[in-house]
Amino acid sequence: MKKTTKKTGIFKKMSKQILVPFACILVIISILILMILNIKIDDLRESEISAKSSYGASNIDSFFKSYYAMAAQLASVPDLYDLMSSMKAGDDMFTYEKLDELQEIFIAAADIDKEHIGVTWFAAYDASQLWESGGFSTKSGEWDVTTRGWYKEMQAAQTTIITEPYTTTAGELVASIISPVFNENKTKILGVAGIDLDLSILDNMMKGYTLGKTGYYVLYTSGGNIIYHPDSKNIQKSISDLDISDNVKSSLLKHETGFYKYKDSGKSVYSFVSEVGDTGWMVLTGLPSSEYREVFNTICLIIVIVFLISGFVIIFNTVRTAKGIVKPLEQLEKIADEIANGDLNIDIKVESNDEIGQVAASLDHTVIRLKDYIIYINEISEILEEIADGNLNFELKNEYIGDFKKIKDALMDIKKQLTSTITGINHASHEVADGAEQISLTSQALSDGAADQASAVEELQATIETVSSQVDYNAQNAVEANEKAAHVQKNLTSCDIQMKKLVAAMEDISHSSSQIKEVISSIQTIADQTTLLALNASIEAARAGEAGKGFAVVANEVSNLALDSMNASQSTVDLIANALDSVEKGMLIVGETADMLQLSVEEALELGKRIDSISEASVNQADALGQITEGIEQISSVVAENSAMAEQSAAFSEELTAHAQLLKNQIEVFQV
């Protein structure tokens with residue numbers, strides 16, 4: 001009983017070999033794409049945040065630069081230098097003769113930008129005295145420059161500086177831009193020129209900057225004091241007072257520019273810090289993580305949706321493709337089962353332009369060939385049965401192809417050889433029968449003559465002439481019998497030769513049948529090779545991996561067909577074996593016939609000898625006619641001998657006739 005194994009569906013195989021790897025690859029690709037996108041988006045976001053931060057810092061720096069230049073120009077006014085260089089401790093600036101002209105210059109500078117400039121002013125170092133364009137001034141010794149918070153910074157910088165912002169009595173936020181006035185060798189600061197700048201414009205500027213939907217800007221001074229913040233409560237606070245990560249606070253207070261990620265009030269924020277020119281002020285841009293990651297999260301969602309849709313489409317197409325493969329394969333499996341059960345009256349209706357269609361066409365061609373082979377085998381079986389029944393008058397009506405054509409040629413050669421042999425034997429048997437009948441008649445005549453001689457012995461004296469004529473007649477008949485015996489002997493010799501040819505022809509039949517058996521063995525070998533090729537195809541399909549796996553099922557079905565072919569060829573071998581048995585029986589009959597014919601030949605030879613003796617005796621009788629008168633006493637014994645010989649010849653004739661009739665009956669079994 002054939003062991004059955006649990007089959008794995010093509011869809012399951014495709015799922016394991018296509019969908020699962022595809023899903024894994026899809027996940028890996030998704031992860032790689034998301035990683036790359038994350039890096040790219042981070043770069044873009046960082047670039048955007050840094051660009052916005054740098055843009056804001058650049059605009060603020062541009063705003064301050066014009067006032068820096070104005071302060072530097074005021075500090076370089078010659079009259080101011082003359083004033084500062086002429087002052088000594090305890091001197092009064094108001095005693096300077098060109099003070100009015102100098103004041104007009106500073107007042108004119110303040111009038112240039114009344115919207116942003118509060119006042120312009122100058123202060124002498126040695127005189128410790130201040131004057132402002134707004135009308136405020138101090139007496140000598142009342143305004144010591146060295147006690148100001150910005151003095152040390154300016155001493156260190158030796159250039160124009162901006163002070164930390166402060167609030168005026170009017171509630172305005174103001175910062176002073178102060179430029180030093182050096183001596184001729186620039187080794188000593190003689191005084192300063194300054195501009196009090198209203199910083200409300202910075203608030204408007206900062207409010208005009210946008211970063212995404214929820215991003216914000218922070219402007220703080222070199223001392224860490226916040227000038228602008230989207231939350232007005234944080235203005236004038238120190239950076240250290242904000243609810244942000246400590247490490248970021250430290251970096252911001254150290255004026256370290258760059259990209260930062262930190263927690264602001266518990267929320268994750270991405271930011272960039274830019275320096276505002278040479279002011280030491282800093283611009284901090286911040287973008288909440290939710291918006292910072294918004295694009296990436298949206299792309300992730302899109303990728304997931306696209307991959308889900310792609311997966312659904314692939315699964316749908318895989319199922320559809322699997323059904324498109326399985327359905328015709330199921331039809332082919334059903335057809336193969338019907339073929340295996342011996343039903344070849346099937347109609348293969350598998351319409352496909354791929355390899356399955358080719359397999360279906362090959363299977364259809366195989367069915368047609370099997371039908372032809374069955375027709376061939378049936379006809380050959382019928383012909384062999386007819387040969388076994390002795391009918392050599394047959395025709396092979398079908399056009400044989402392949403190895404079956406050799407069988408047809410062998411059968412036609414057998415027919416030709418057997419027909420020729422049996423025809424010759426039949427003709428010879430008729431000749432033998434006719435000769436035996438003639439010999440029987442002649443022997444009977446001799447027997448009758450001998451009886452007449454015995455009855456005429458008493459009348460021998462009176463009928464010597466009659467005896468003489470009878471002896472002559474006997475001599476003539478003996479000569480004719482001798483001729484007939486020679487002819488019979490010749491015919492029997494021919495029959496013996498024909499019988500040997502018949503035996504050789506039967507051996508050729510046996511040899512041809514063996515060749516037929518070898519052809520069937522070749523068919524079995526082809527079936528074995530087909531099974532081996534199917535096995536190799538299954539192995540190669542397993543090695544091929546994904547492209548080739550589905551063909552293993554087809555290879556298995558081809559192997560089953562090869563097994564069916566082997567079974568059919570085995571049935572043919574059995575039929576050929578039966579035919580060989582019939583041929584062997586025919587050879588036994590022909591052998592027995594040949595033995596009997598050989599015995600007939602030997603008896604014919606003996607008969608010839610007897611007839612020769614009769615002929616010789618008749619001649620002697622003829623010769624003895626001249627001595628009848630002398631040997632009349634011997635006539636009685638001679639007549640007795642002739643009578644005995646005649647009786648024996650008659651017995652031999654009857655036996656030869658029986659053998660000839662038996663040979664004729666056996667030959668008549670064959671129909672030619």
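For this structure, a couple of remarks:
- Residue in region 492-499 that is surrounded by fewer than 17 Cβ atoms within 10 Å (Cβ to Cβ), closer than 21 Å to Leu411 by Cα and at pLDDT 75 or above present: no
- Filter result (among the charged types (D, E, K, R) and assigned to a helix (DSSP H, G or I)) within region 292-323: Glu294, Arg320, Lys323
- Criterion: closer than 26 Å to Thr419 by Cα, modelled with pLDDT of 70 or more and of a type outside the set (Val, Ile, Thr) - qualifying residue of Ala537, Ala505: Ala505
- Filter result (of a type in the set (Gly, Ala, Ser) and open to solvent by less than 10 Å² (accessible area, probe 1.4 Å)) within region 126-139: Ala127
- Of all residues making up region 86-125, the number that are over 30 Å from Ser200 (Cβ atoms) and surrounded by fewer than 17 Cβ atoms within 10 Å (Cβ to Cβ): 12
- Residue tally, condition in contact (Cβ under 8 Å) with a residue 60 or more places away in the chain, surrounded by fewer than 23 Cβ atoms within 10 Å (Cβ to Cβ) and farther than 30 Å from Ile161 by Cβ, over region 260-292: 4
- Across region 59-75, the number of residues qualifying as open to solvent by 50 Å² or more (accessible area, probe 1.4 Å) and free of Cβ contacts under 8 Å to residues at least 40 places away in the same chain comes to 3.
- Listed by first and then second residue, the pairs with beta-carbon distance under 9 Å, at least 6 apart or on different chains, first residue in region 372-389 and surrounded by 14 or more Cβ atoms within 10 Å (Cβ to Cβ) and of a type in the set (D, E, K, R), second in a helix (DSSP H, G or I) and modelled with pLDDT of 75 or more, are Glu385/Asn578.
- Test: residue in region 308-330 that is at pLDDT 85 or above and among the aliphatic types (A, V, I, L, M): yes
- Total residues in region 142-159 satisfying the condition of being part of a loop (DSSP other than H, G, I, E, B) and open to solvent by 60 Å² or more (accessible area, probe 1.4 Å): the figure is 5.
- For region 233-249, filtered to residues that are in contact with a helix residue (DSSP H, G or I) (Cβ under 9 Å, 6 or more places away or on another chain) and hydroxyl-bearing (Ser, Thr, Tyr), the residue that is surrounded by the fewest Cβ atoms within 10 Å (Cβ to Cβ) is Ser240.
- Residue within region 160-181 that is over 25 Å from Met282 (Cα atoms) and open to solvent by less than 30 Å² (accessible area, probe 1.4 Å) present: yes
- Members of region 408-467 that are open to solvent by less than 20 Å² (accessible area, probe 1.4 Å), in contact with a Leu (Cβ under 7 Å, 6 or more places away or on another chain) and modelled with pLDDT of 70 or more: Leu411, Leu418, Thr421, Ile422, Ile425
- Which listed residue, of Leu599, Leu580, Leu561, is open to solvent by 20 Å² or more (accessible area, probe 1.4 Å), under 30 Å from Ser494 (Cα atoms), out of contact with any Asp or Glu (no Cβ under 9 Å at 6 or more places or on another chain) and at pLDDT 75 or above: Leu599
- Residues (touching a residue at least 60 places away in the same chain (Cβ under 8 Å) and either touching a His at 6+ places or on another chain (Cβ under 6 Å) or assigned to a loop (DSSP other than H, G, I, E, B) (or both)) located in region 160-172: Thr160, Glu164, Pro165
- Test result for Glu97, in a loop (DSSP other than H, G, I, E, B) and within 19 Å of Leu80 (Cα to Cα): yes
The values are calculated or read from the model by the stated rules, or taken from the named source; none is laboratory data. Keep in mind it's a predicted model, so treat the numbers as computed, not measured. Note: ideal-geometry Cβ built from the backbone for every residue, glycine included; neighbour counts use all protein chains shown. Just the protein is used for accessible areas: all its heavy atoms, side chains included, with ligands, DNA and RNA removed. Shrake-Rupley method; radii C 1.70, N 1.55, O 1.52, S 1.80 Å.
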